[in-house]
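No lab work stands behind these numbers, since they all come straight from the coordinates. The shown structure was predicted, so the numbers you read here are calculated from the model rather than taken from an experiment. Positions of Cβ are backbone-derived with ideal geometry, glycine not excepted, and every protein chain shown enters the neighbour counts.
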Amino acid sequence: DSGVTQTPKHLITATGQRVTLRCSPRSGDLSVYWYQQSLDQGLQFLIHYYNGEERAKGNILERFSAQQFPDLHSELNLSSLELGDSALYFCASSTYPGNSPLHFGNGTRLTVT
Amino acid sequence: AQTVTQSQPEMSVQEAETVTLSCTYDTSESDYYLFWYKQPPSRQMILVIRQEAYKQQNATENRFSVNFQKAAKSFSLKISDSQLGDAAMYFCAYRALPTGTASKLTFGTGTRLQVTL
């Protein structure tokens, strides 16, 4: 158990809809990262938050947004969903310094129909 | 931008044998971190091993070891005495030295390892 909790595990929704994915980092971790993994692909970095502030953005679509709250949990909001957004979305957390590995949650599998 | 390349989409090894997975990366930094993650069919991401670039000694974790060649920007993973439970997708990842806050991991495309009897 990595200590990172992601909810829900599975999500099935229709095109055009909006969903929210939730992540609770490991106790004490201030950094939260979101990654997208499409079928049989590698992990693509979406966004990084540190202690409530956005620190880095990857190839995140404008339809996607995220935030980290004062209790350090994070939410990833996906709107105007398209079929191509179907993927496994991972949240990971880490401590500083940077040689600490990222600890991943079990992911949320999003299916857009 | 840093890139990570895994040139072997699939590998196969017999149980109890040894297999080496390749990884190369591109960076202009002199200090950084490298990781191998395992993703079994359950899709969890599990840390296998890590290496700090400033350390010349190759990291070892039980049956897993790395061959880190800094000048060649190569970071291969060796799995000894392979077991059926080692069957998974393996991802190589690079992490730059953080400036102020921890930085993201950049992943390769993965190598799918099959373990046969």
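Of note:
- Projected onto their three principal axes, the Cα atoms of region B:51-93 cover extents of 33, 19, 13 Å, largest first.
- When the P(r) is computed for region A:74-113, the part past 17 Å accounts for 44% of the Cα-Cα pairs.
- Surrounding net charge for B:T3, when Lys and Arg each add one and Asp and Glu each subtract one, Cβ distance under 11 Å: 0
- Volume of the Cα convex hull of chain A, divided per residue and given in Å³: 97 Å³
- Longest exposed-site-free window of chain A, the sites being trypsin sites (Lys or Arg not before Pro) in a DSSP loop that have at most 12 other C-beta atoms within 10 Å: A:19-113
- Surrounding net charge for B:I79, when Lys and Arg each add one and Asp and Glu each subtract one, Cβ distance under 14 Å: -1
- A straight Cα-to-Cα reach below 20 Å connects A:K57 with the lysines B:K104, residues fewer than 8 places away in its own chain not being considered.
- Where both bridge residues fall in the protein assembly as shown, DSSP classifies roughly 90% of the beta bridges as antiparallel.
- Backbone N within region A:1-29 under 19 Å of label point (7 Å from A:T113 Cα along the Cβ vector): A:8-20
- Hydrodynamic radius by Kirkwood, which averages 1/r over all alpha carbon pairs of the protein assembly as shown, in angstrom: 18.2 Å
- Within chain A, longest stretch clear of exposed GluC sites (Glu not before Pro) (DSSP loop, no more than 14 other Cβ within 10 Å): A:1-61
- Radius of gyration, Dmax [region B:1-107; alpha carbons; angstrom]: 13.8, 45
- Cleavage-rule hits, GluC sites (Glu not before Pro), region B:1-108, DSSP coil, Cβ neighbours within 10 Å at most 15: B:E15, B:E17, B:E29
- Formal net charge of residues neighbouring B:V66 (Cβ-Cβ distance under 10 Å; K, R +1; D, E -1): +1
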